[in-house]
Every structure is written in structure tokens, then in C-alpha cells.
Amino acid sequence: MEMTLIHGQAHKGSGWHMTRSIAKALDDGNTIIHEFSLPVDADKFCIGCYNCILKGCEFCPHKDKIQPIVKALESSDVIIIDSPTYCFEMSGALKSLFDHLGYMWLSHRPNKAMFNKVGIVVSTAAGAGAKGVTKSMARQLFWMGVPKVYRMNMNVNAAKWEDVTEKVRGEIESRISAISIKAGRSVKKVKPGLKHRLLFNIMARMQKGNSWNLVDRNHWDNMGWLDKAKPWNAS
Ligand SMILES: Cc1cc2nc3c(=O)[nH]c(=O)nc-3n(C[C@H](O)[C@H](O)[C@H](O)COP(=O)(O)O)c2cc1C
């Protein structure tokens, strides 16, 4: 099995510990793990140049930081992403990474490799907002075609992992063990559901009439998606 862990902050807080615990629970002893901390491993904000969307991901001025993460995502069975809840949103560093991956959305050039992954998104808050953050993180993975995303949000009533009480840690451990069992069972077995399939077909119809972005349209054409092929079927 292969896993990518992305930490939406550079410190080892509660999200970092939870992601590491989930990865440990899923590790079959033979797991290749790719791990990135933000902003350290992708330290530039998306500047909105549109190069990735209109020309190709190789024209992104930050490709040297972004493409190693894309390669890790492509080859992984499981993607675990954490972010602290900052002002009811995900961290700016994580959002910037997601902005850099916008070219892989269903509305542009979906990556066939994403349609068989299991995603797990984690966010903690001191008191409120983490549920909305995991919803938002899951939405990002959904739009990249990831068929199954588990969400884990927790109020930890603390600013630092060291201050998280034994009671809350116990609750975290039991939720991690439940989510790891479910996620472990889905690895290599997931396929997009009805919502993904419908959306994909709508996007295919849109791409047939797309004359403003031929990089996108040619991608769909080359993949055979303007015809009968689907990214979730073996080619
Ligand atoms: C800039 C900033 C904004 C925050 N915003 C919220 C918030 O909206 N709601 C909340 O309950 N806690 C908020 N917190 C607290 C953190 O979400 C909380 O301590 C979280 O557990 C940190 O996760 P980490 O240990 O993984 O970094 C904020 C903290 C910071 C530094």
C-alpha cells in the first residue's frame, strides 16, 4: 500500500498527531509513505497566472514544489490531510495547495489516478468550526475525483497537543480506530458513486463544446472521455 500524508501546518499539533496515528493504524507493515508539511513543502501561494489551466501544469511557476506532491498523490492508495481550524476555515497554506491543484478538477483536467483513492480529512478546533473545515477539505478531494472521503473533526479545547486532556485523547483514539477500520476496508475497492458519475458526464458534455480551453478539451479527448471511456474503468 502507498499513502500520502499532507499536514496543513508546519508544527506538530493535534492534527499532525492524529494524521500520524491514522497512518500507523492503516500501515500494513509494507506501506510506502510520502509526507509533506505546509507551507514548508509548497511555500508559494498560487498567483492566479492561469498557466496550469490554460497551458499545462508544467508551466506553473511553482511546479517544482507542487508536482512532487501530485506524483505522490497519484501513486497513493490513501491520502490523509489535516488542517487546524483557523477562523472557521482550513489553513491558508493548505488552501493554497488546493488552489494549485485546481487544474485537476472535474471541470478541467481530472487525473484518472484519483478515481480509486480513499481520502481521510482531519481538522481540530479549540471549540468550533472543525466540521465545516473537514467538509470543505472533502469537497476539494471530491472535485478531484476521489470517490470516498472520511471526515474526522474534533474540538480539542486546546491550543497545543501537549494541552489536550487524557479524556479528549481517549476519544480521539477511539474515533481514529473506528475510521481506520472503515478506511482500511475500502482501500483498493472504492469507485465513484452516482453524484460523481453524473457530474463527470455533465463535464464531458461541456468539454465537447469547449472551444476556449483546448488543453482541457484535448485531455478529455485523449483519455477517450468524450467517447465511452470512464476514468474509473480499467483501460
Ligand atoms: C489563527 C488561529 C485561528 C483559530 N481559529 C479557530 C476557530 O475558528 N475556531 C476554534 O475553535 N479554534 C480556532 N483556533 C484554535 C485551533 O483551531 C486549535 O487550537 C487547533 O486544535 C489547532 O490545531 P493543531 O494543533 O493541529 O495546529 C485558531 C487558532 C489560530 C492560531
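The values are calculated or read from the model by the stated rules, or taken from the named source; none is laboratory data. Since this is a predicted model, take the numbers as computed values, not measurements. Neighbour counts are summed over all protein chains in view; Cβ atoms, including those assigned to glycine, are modelled from backbone coordinates with ideal geometry. Side chains included, ligands, DNA and RNA excluded: accessible areas come from the protein's heavy atoms. Shrake-Rupley method; radii C 1.70, N 1.55, O 1.52, S 1.80 Å.
For the residue pair Leu199 and Lys63, what label-to-label distance in nm results when each label sits 7 Å from Cα along the Cα-to-beta-carbon direction?
Placing both labels 7 Å beyond Cα along the Cβ direction yields 2.7 nm.
So what J values fall out for the stretch 14-24 if you push phi through Karplus, 6.51 cos²θ - 1.76 cosθ + 1.60 with θ = phi - 60°, rounded to Hz, Gly and Pro as x?
5, x, 4, 5, 5, 4, 4, 5, 5, 4, 5
Would you please state the base-10 log of I(q)/I(0) at q = 0.11, 0.13 1/Å for the stretch 2-192, with intensities from the Debye formula using one equal scatterer on every alpha carbon?
-0.45, -0.64
Provide the net charge surrounding His11, with neighbours chosen by a C-beta distance below 12 Å and charges set as Lys +1, Arg +1, Asp -1, Glu -1.
Charge balance near His11 sits at 0.
Ignoring everything but the protein chains, give the 1.4 Å probe accessible area of Phe88 in square angstrom, nearest 10.
Roll a 1.4 Å probe over it and Phe88 shows about 130 Å².
Magnitude of the Cβ-charge dipole of the stretch 2-192, K/R +1 and D/E -1, about the Cα centre, nearest 20 debye? Display every interim value, and only then the final one.
Numbers: 26 positive and 18 negative charges, 144 e Å.
The dipole of the stretch 2-192 has a size of about 700 debye.
Report the antiparallel proportion of the DSSP beta bridges in the stretch 2-192 as a percent, rounded to a multiple of 5.
The antiparallel fraction comes to roughly 5 percent.
Please give the solvent-accessible surface of Tyr50 in Å², to the nearest 10, using a probe radius of 1.4 Å with every protein chain present.
Result for Tyr50: roughly 130 Å² accessible.
What is the projected area of the convex hull of the Cα atoms of the stretch 76-161, averaged over all directions, in nm²?
5.4
Could you work out the longest stretch of the chain that avoids the trypsin sites (Lys or Arg not before Pro) located in DSSP loops with at most 15 other Cβ atoms within 10 Å?
56-159
So if I take the centroid of the Cα atoms in the stretch 157-193 and the same for the stretch 76-145, what is the distance between those two points in Å?
16
Before I look further, what does the chain give for accessible area per residue, probe 1.4 Å, in whole square angstrom?
49
Set the Förster radius R0 to 45 Å, insert the Cβ-Cβ distance between Cys49 and Lys167 as r into 1/(1 + (r/R0)^6), and round the FRET efficiency to 0.05.
Computed FRET efficiency for Cys49 and Lys167 comes out at 0.40.
Over the stretch 2-192, with every protein chain in place, what whole percent of the accessible area is carbon and sulfur at 1.4 Å, could you tell me?
54
Quick one: order Trp105, Trp232 from most to least accessible surface, probe 1.4 Å. Intermediate values should be presented prior to the final figure.
Details: Trp105 60, Trp232 30 Å².
The most accessible residue leads, giving Trp105, Trp232.
What residue among Met203, Met154, Met144 shows peak mean-square fluctuation when the chain is described by a Gaussian network model with Cα springs under 10 Å?
Largest GNM mean-square fluctuation: Met203.
Among DSSP beta bridges whose residues both lie in the stretch 59-151, state the antiparallel percentage, nearest 5. Kindly include the intermediate steps, with their values, before the conclusion.
Details: 1 of 12 bridges.
Bridges in the stretch 59-151 that DSSP calls antiparallel: roughly 10 percent.
Exceeding 29 Å between C-alpha atoms, which entries from my cross-link table qualify? They are Lys95/Lys191; Lys24/Lys55; Lys44/Lys208; Lys167/Lys191; Lys71/Lys188; Lys44/Lys182.
Lys24/Lys55; Lys44/Lys208; Lys167/Lys191; Lys44/Lys182
Counting only C-alpha contacts under 8 Å and six or more residues apart, can you give the relative contact order of the stretch 2-192 as a whole percent?
Across the stretch 2-192, relative contact order equals 24 percent.
For a paramagnetic label modelled at 7 Å from the Cα of Asn155 toward its Cβ, which residues of the stretch 11-36 fall within the zone defined by backbone nitrogen distances under 18 Å?
Answer for the stretch 11-36: 14-15.
If each of Lys208 and Glu89 carries a label point 7 Å out from its Cα toward its Cβ, how far apart are those two points in nm?
My value for the distance between the label points is 3.8 nm.
Add +1 for every Lys or Arg and -1 for every Asp or Glu among the other residues with Cβ under 12 Å from the Cβ of Asp227, and state the total. Don't jump to the answer; show the numbers that get you there.
Details: positive: Lys208, Lys228, Lys230; negative: Asp221.
Once all neighbours under 12 Å are counted, the net charge is +2.
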